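S.K.: Can you keep this structure in mind? I'll have questions shortly.
Here, each number is a calculation from the coordinates, and none is a lab measurement. Quantities reported herein were computed from a predicted structural model and do not represent experimental measurements. Glycine also receives a Cβ, built like all others from the backbone with ideal geometry; neighbour counts cover every protein chain displayed.
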Amino acid sequence: MTGEGYKALDDELKRLKTIERPAVIAAIGEARLHGDLSENAEYHAAKDRQGWIEGQIAEIEDKMARAQVIDVSKLSGSQIKFGATVSVIDEDTEEAARYQIVGEHEADVKRGRVSITSPIARAIIGKETGDVVEVITPSGAKAYEITKVEWV
């Protein structure tokens, strides 16, 4: 994953531990004061929320423990690999697009960040500027010309 992706995970982990976890503990305490727990919907909802939060914390801690953080600013070269920002042109529509290849949890197409496992990333990995690649999309095969490879 990129350093930016690692920081985002760390920020989310801190938020869950310092804001969400204490809030749900307080909600459980408040719900307990309402009497019979077997028929207390607030209590059960808070316990469900607590389970979800603890699951998220465990998942994020696991991802961070196994993460291999790559400093994209130290990468270079003309061949596309993880972390590269790639400009392409759709050969049919002449529409330009720009994507950065990132880890799965960092992907956000609206921000131009595609997962390393996405069809477009798999098609362009190992290619260089000027190459044309074919990508199988839900709407059929598309051809893209790679116009630029950047390391930002």
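S.K.: Tell me what the chain gives for mean residue ellipticity at 222 nm when only DSSP H runs of n ≥ 4 count, each as -39,500 (n - 2.57), the sum divided by the residue total, rounded to 500 deg cm²/dmol.
M.R.: Value at 222 nm, helices only: -12000 deg cm²/dmol.
S.K.: While we're looking at this one, here's another question. Going by average Cβ density within 10 Å per residue, which order do the peptides 124-137, 101-114 take, highest to lowest?
M.R.: Highest-to-lowest ranking by the protection proxy: 101-114, 124-137.
S.K.: Let me ask something else. If I model a spin label as a point 7 Å beyond the Cα along the Cα-Cβ vector, how far apart are those points for residue 26 and residue 125 in nm?
M.R.: My value for the distance between the label points is 4.5 nm.
S.K.: So, counting K/R as plus one and D/E as minus one, what does the shell of residues with Cβ under 14 Å around residue 140 add up to?
M.R.: -3
S.K.: How large is the Rg to Rh ratio of the range 72-150 when both quantities use alpha carbon positions and Rh follows Kirkwood?
M.R.: Here the Rg-to-Rh quotient is 0.93.
S.K.: Measuring from a point 7 Å past the Cα of residue 139 along Cα-to-C-beta, which residues in the range 95-121 have an amide N at less than 13 Å?
M.R.: Inside the label zone: 95-96.
S.K.: Here's something else I'd like to know. Output the Cα-based Rg and Dmax of the range 1-135 in Å, rounding Rg to one decimal and Dmax to a whole number.
M.R.: Gyration radius and largest Cα-Cα distance of the range 1-135: 21.6, 70 Å.
S.K.: Let me ask something else. Length gain on complete extension for the stretch residue 61 to residue 98, per 0.36 nm per residue less the alpha carbon to alpha carbon distance?
M.R.: Result for the pair: 10.2 nm of gain on full extension.
S.K.: Based on the Kirkwood radius over alpha-carbon pairs, what is the Stokes-Einstein translational diffusion coefficient of the range 3-66 at 10 °C with 1.306 mPa s viscosity, in µm²/s?
M.R.: For these conditions, the coefficient is 124 µm²/s.
S.K.: Here is a follow-up. Taking a threshold of 29 Å on the Cα-Cα distance, which of the pairs 14/47; 7/74; 7/142; 110/142; 110/148 fall above it?
M.R.: Long pairs (Cα-Cα over 29 Å): 7/142.
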